[in-house]
Amino acid sequence: MTVLADESGWPLLPTERTWGPWRLTLTLTTTSAATWCYLIGESVGSYLGFIRGGLALTAGCMIGMLLVLLAAGPACARFGIDSIAATKPQFGSRGWTIPAALQAVSIIGWNSLLLIFFAKSAVQLCIALGILAPGAHGAALVPLLTLLACTIIFLALRSGASSLSRVSNILVAHVAVGLWMLYLLVSRRWPELVGAVPAAAHPDRLWNYTTGVELGIGSTLSWWPYIGAMIRMAPNPRAVVVPVLLGMGAPVPLLSLIGLAGALVLKSSDPAEWLRTVGGPTYAIISLGFVTAANFGTTTAGVYASAIGLRNFASLRERSWTTLLIVTLVPVALVGMLIPELFFEKFGSFLALIAVAFAPLCGIQIIDYFCLRRGKLDIRAIYTQAPGSPYEFWGGFNPAAVIALLAGCGVYVALLNPLSYASAAAYRYLTASLPALLAAALVYWLLSLAVRARGRGGYLQA
Amino acid sequence: MSDIAPELEERIARLEGDLRSAAGSDFDAVSWGWIVTLGVVLPAVLLLIGWWYPPGNY
């Protein structure tokens, strides 16, 4: 029954939720530590120096992780459900497809990036080891290596959550390697590091600082799609707080310091490139090995979370776990095989647009769980689409959630254009994510009073 | 007629029994202490230090 449950979207029984704090922390840490940290650090390094940038980024990451924990944590960890199932009380028995679409697009995007990174790093590693000739053309190899990575992940996840935990136990060592790389750069180039001027710093010091915080918040808000599938393996909400905040929130800024430092001093966030400068080819090989391992662990977790989320679709509920994995991996493989360079170039824009939605989504969940429902969810209603069920709302959709989500997205974009980073005056004081979250929460709360007055949404039964 | 599969129905029934007996099993006081410390106090302290302490504009 354990194997079936953790490969399904069904709520887990207490006897099936066997991950203690250390096991959960290991898995979350392995998931969060990936080469996207370099990109995050590089982005912050465009606006802020090493110390101030590191502090702003860390603060932002912890705030973002707090919001994700409050949004998905109580429902997922208390009822043993994944992030998508946890949105049914807010979005409705059919409206949950909206967060599901956001989850799918987000995870496909992240997974594609990570596997393209993996493939590119594997090519460089083979060149550094002498397996491939210097200057070997990656255009042919990257698609093949992406396909190979998808195959390995497929085989690794055949056993469900237990295999995710086993992968994490092995790959968590790469986090130590990442910290070692950071130590190397900081210890050998400290004077340059603290004196470096960010390449694209705004004349407004506060704007730069707020942007560092915003980048941190946005980075950890991206964990919302991943988190439910993992924390539901823990026995209760109390057991997930520290693992989530420290296991998932802290590694991101720590490892992002690698990209931040590299971008400031060596004008490159890619440690494989600057480690060759700092420590020679041996260090570069170690770094490439780290990158390869880091992305593997994170992609494995993302594929698992995606597959669990797909179980909420009626057409996929009874399909085999193998089918779910294939459905999840095929889009990632296609991107990596057909358009890797194009995707790499446009990825920043793609993700910026995705991130706009997760702050409002968290706001809706937080206000719904803590204020409107006061922690009372109908576990049966989450799994039925029968007419008259508490979460049917109107035709399976809760207009309050949809309107609130749109309102939050609108507030975000009004404050900060995620593509151009043009901003409104208020942004420098408020960020964009926090007002978007508050706006969505407020709109949702107000409209839900009307929803509740009409007897919809299961509020009266709570 | 329920659209829930029998195995899922059985699972939900067991969970509902567990949840009734474990009312109020959300975050406890210790959990909220960690949440406030790591999610509110720590970021606030870091932001203050980051704004005032490092010399220079960047």
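What follows draws every value from the coordinates through simple rules; no lab data is involved. Remember, it's a predicted structure, so these values are computed and weren't measured experimentally. When we count neighbours, we look across all protein chains shown, and the Cβ atoms used for this are built from the backbone with ideal geometry, even at glycine.
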**Q.** Burial ranking of peptide ranges A:182-195, A:205-218 (average Cβ count within 10 Å, highest at the top)
**A.** A:205-218, A:182-195
(Q) How far apart, in nanometres, would the label points at residue A:197 and residue A:126 be if each is projected 7 angstrom from Cα along the Cα-to-Cβ direction? (A) 4.3 nm
Q.
Between residue A:371 and residue A:442, what is the label-point separation in nm under the 7 Å Cα-to-beta-carbon projection?
A. 1.0 nm
Q: Please give every one of the aspartates and glutamates within straight-line cross-link reach of residue A:267, meaning a C-alpha to C-alpha distance under 20 Å, and leave out same-chain neighbours fewer than 8 residues apart.
A: A:42, A:192, A:345
Q | Rough spin-label spacing in nm, given labels placed 7 Å along Cα→Cβ, for residue A:424 and residue B:44 | A | 2.6 nm
Q) If you take the charge dipole of the stretch A:343-462 about its Cα centre, with +1 on Lys and Arg Cβ and -1 on Asp and Glu Cβ, which of A:443, A:427, A:379 is farthest toward its positive end? A) A:379
Q: Please give the calculated 222 nm ellipticity per residue for the protein assembly as shown, where each DSSP H segment of at least 4 residues contributes -39500 (n - 2.57) and the sum is spread over every residue; nearest 500 deg cm²/dmol?
A: -22000 deg cm²/dmol
Q) Ranked by Cβ crowding within 10 angstrom, fewest neighbours first, how are A:288, A:419, B:15 ordered? A) A:419, B:15, A:288
**Q.** Net dipole in debye of the protein assembly as shown [+1 Lys, Arg Cβ; -1 Asp, Glu Cβ; about Cα centre; nearest 20]
**A.** 380 debye
Q) For residue B:16 and residue A:187, what does the FRET efficiency come to when R0 = 41 Å and r is the distance between their Cβ atoms, rounded to the nearest 0.05? A) 0.15
Q) For residue B:28 and residue A:449, what is the calculated FRET efficiency with R₀ set at 30 Å and r taken between the beta-carbons, to the nearest 0.05? A) 0.50
Q) Suppose R0 equals 35 Å; then what is the FRET efficiency for residue A:173 and residue A:339 from their Cβ-Cβ distance, rounded to the nearest 0.05? A) 0.60
Q. Between residue A:416 and residues 5 or more places away or on another chain, which pairs have amide H atoms under 5 Å apart, with H built 1.01 Å from N, and which residues are they?
A. A:424
